[in-house]
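Before any comments, here is the structure.
Coordinate-derived values only; no laboratory data. Quantities reported herein were computed from a predicted structural model and do not represent experimental measurements. Neighbour counts are summed over all protein chains in view; Cβ atoms, including those assigned to glycine, are modelled from backbone coordinates with ideal geometry.
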Amino acid sequence: MEQDPKPLTLSGKNFSLSHLYATPGSYTVTVKVTDNQGAVGTKTAIVTVNNRPPHVNPLSGATINEGSIYAENGSFTDPDSASWSATVDYGDGAAPLPLSLSGKNFSLSHTLQR
């Protein structure tokens, strides 16, 4: 989506650029400087905006007895994606399991055995 060029404030022959990108992707930044005789100088730069990883909110943990169920609700935030998949590894030697999500929320429930 092409946008109209924005004026660039010059301080002598210097300038500063600042722009907030809201979406991951690759963008071409073009700077054009025109002198008082109409000559134009142009330079471009490629800006790559990375997708930020989801942030999983802290889990409280627990102390339980062997054979008991560890259960906890959790959530995460992610400002730049619309769908996710998740797994959980309970750390007891079993393989990671798919984790069902309800929006950005999940519930953990596992019987710990050794």
Quick one: if the Förster radius is 25 Å, what FRET efficiency do Ala62 and Lys104 give, using the C-beta to C-beta distance and rounding to 0.05? 0.65
Tell me the label only: which of (1) 16.4, 57; (2) 25.2, 83; (3) 16.0, 54 is Rg and Dmax of the Cα atoms in Å as calculated from this structure? (2)
Mind ranking 9-16, 86-93, 41-48 by how tightly packed they are, going by the mean number of other C-beta atoms within 10 angstrom, highest first? 86-93, 41-48, 9-16
Net length gained if the chain between Val40 and Tyr27 were fully extended (0.36 nm per residue, minus Cα distance): 2.5 nm
First measure r as the distance between the Cβ atoms of Asn50 and Leu112, then evaluate 1/(1 + (r/R0)^6) with R0 = 41 Å and state the FRET efficiency to the nearest 0.05. 0.65
Net dipole in debye of the chain [+1 Lys, Arg Cβ; -1 Asp, Glu Cβ; about Cα centre; nearest 20]: 480 debye
